[in-house]
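Take a look at the structure set out below.
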Amino acid sequence: MQTIVTDSPLEAAEYLNAGGIVAFPTETVYGLGAGICHPEAVERIFLAKGRPQDNPLIVHIARPEDIVRVAGQISSDAEKLARRFFPGPLTIVLKKNSAVPDSVTAGLDTVGVRCPSNPDAQAFLQHCRCPVAAPSANLSGKPSSTSWKAVLQDLDGKIDCLFRGEPSTIGLESTIVDCSGATPVLLRSGAVSMEELRSVVGAIETRDSLQADETPRSPGLKYPHYAPEARIVLCRPHEPITTATGERSAYIGLSTPSARGLSLSRVCRTPDEYGRMLFDFFRLCDSSDIDVIYCELPPEKGIGQAIRDRLGRAASGH
Ligand code: AMP
Ligand code: MG
């Protein structure tokens, strides 16, 4: 199959409306979308990515008010969160309605909904006739794509169309909050921080605080994610790094690394820049045959929580 690359949101949406699968830019990471009214296209997303069938997809809407097109019930916490953070990097999990096929939600009775703020994403979604189910536009298990080049690396020839936009400004996947139960639960950290969520809904649980016997609320999170080929070693600020001879080593973090002999190194000026660069740097390391990536842990606040989460997953992915 030939993958058409276009700069036109209208042309990209036409491929989707015709039942195709289309990668598109968002502020978090690039998504790989199918219309929820095209279940056979939804199936093709799983095939193209090599994604396990029990890992549900997030549904993307053009306008905050479109939430009623996919949700059955909207709790008052969900309403407050949507009012404050839509459009933006937040996914809200709600009871689904009958417009959402089981293939999108992996058979769950809930659906994750997001309204992206990126102008290209909005232009694309506005031309799409039905809400768009979209996981990240990468091969399953690889770091998410934060640029159109990364999408082509993983999916050229496997998808109908790529809507080429700017690199993602956040670079980490959305925050996910489950609002389908009595108390909201943080399922995945992202650019909308725990502090910001708490300022809107007050009480919010984390997955760790849930009973161990409770059914996992975010099935996808059990899979290894965000992992480059290289081994990840986490380090604290200014911790001495000793590179092994014969190994190609890289570093990413906020402080200047203390090691000699690094083949690649990226010092980020701010935690935001760290989040934006992280997955791109992982991909660069893979294409440069790096064996070990030393990653400095950023402070545990704001976007730092999401960076630490992704680093932890990447480190345990092998
Ligand atoms: P991705 O877009 O590749 O980051 O994957 C989307 C992730 O959203 C999945 O792996 C799940 O963890 C989560 N998710 C999507 N829909 C639901 C849902 N209905 N309930 C819980 N988690 C969900
Ligand atoms: Mg993903």
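The values are calculated or read from the model by the stated rules, or taken from the named source; none is laboratory data. These figures come from a predicted structure and were not determined experimentally. Because the Cβ atoms are built from the backbone with ideal geometry, glycine has one as well, and the counts that use them run over all protein chains shown. Note: accessible area is taken over every heavy atom of the protein model, side chains too, but ligands, DNA and RNA are not part of it. Shrake-Rupley method; radii C 1.70, N 1.55, O 1.52, S 1.80 Å.
Laid out as a table, the results:
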| quantity | calculated |
| --- | --- |
| Among residues of the stretch 4-36, those that are touching a Leu at 6+ places or on another chain (Cβ under 6 Å) and surrounded by fewer than 20 Cβ atoms within 10 Å (Cβ to Cβ), counted | 1 |
| Scan of the stretch 37-63 for residues that are more than 13 Å from ligand 1 (Cβ to nearest atom), in a helix (DSSP H, G or I) and open to solvent by less than 30 Å² (accessible area, probe 1.4 Å), ordered by number | 41 |
| Residues satisfying the stated conditions in the stretch 135-178, i.e. closer than 19 Å to residue 13 by Cα and among the basic types (Lys, Arg) | 158, 164 |
| So residue 129, is it over 22 Å from residue 187 (Cβ atoms), in contact with a Gly (Cβ under 8 Å, 6 or more places away or on another chain) and open to solvent by 20 Å² or more (accessible area, probe 1.4 Å) | yes |
| Residue identified as modelled with pLDDT of 90 or more and either touching a helix residue (DSSP H, G or I) at 6+ places or on another chain (Cβ under 7 Å) or among the hydrophobic types (A, V, I, L, M, F, W, C) (or both) among 231, 198, 266 | 266 |
| Residue list for the stretch 64-106, filter: crowded, with 23+ Cβ neighbours inside 10 Å, out of contact with any helix residue (DSSP H, G or I) (no Cβ under 7 Å at 6 or more places or on another chain) and within 17 Å of residue 180 (Cα to Cα) | 70, 71, 78, 91, 93, 100 |
| Residue selected from the stretch 2-36 under the condition within 16 Å of ligand 1 (Cβ to nearest atom) and either basic (Lys, Arg) or not in a loop (DSSP other than H, G, I, E, B) (or both), by the criterion nearest to the chain's Cα centre (by Cα) | 31 |
| Any hit, the stretch 294-302, residues being farther than 19 Å from residue 191 by Cα and at pLDDT below 95 | no |
| Where residue 113 falls short, out of the listed (1) aliphatic (A, V, I, L, M); (2) away from ligand 2 (no atom under 16 Å from the Cβ); (3) open to solvent by 10 Å² or more (accessible area, probe 1.4 Å) | (3) |
| Qualifying residues in the stretch 142-167 (those that are within 13 Å of ligand 2 (Cβ to nearest atom) and not β-branched (Val, Ile, Thr)) - the one surrounded by the most Cβ atoms within 10 Å (Cβ to Cβ) | 145 |
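The rows are residues; the columns are (1) β-branched (Val, Ile, Thr); (2) free of Cβ contacts under 8 Å to residues at least 12 places away in the same chain; (3) more than 16 Å from ligand 2 (Cβ to nearest atom); (4) under 16 Å from residue 139 (Cα atoms).
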{"site": "4", "(1), (2), (3), (4)": "yes, no, yes, no"}
{"site": "7", "(1), (2), (3), (4)": "no, no, yes, no"}
{"site": "12", "(1), (2), (3), (4)": "no, no, yes, no"}
{"site": "17", "(1), (2), (3), (4)": "no, no, yes, no"}
{"site": "23", "(1), (2), (3), (4)": "no, no, no, yes"}
{"site": "26", "(1), (2), (3), (4)": "yes, no, no, no"}
{"site": "29", "(1), (2), (3), (4)": "yes, no, no, yes"}
{"site": "39", "(1), (2), (3), (4)": "no, no, yes, no"}
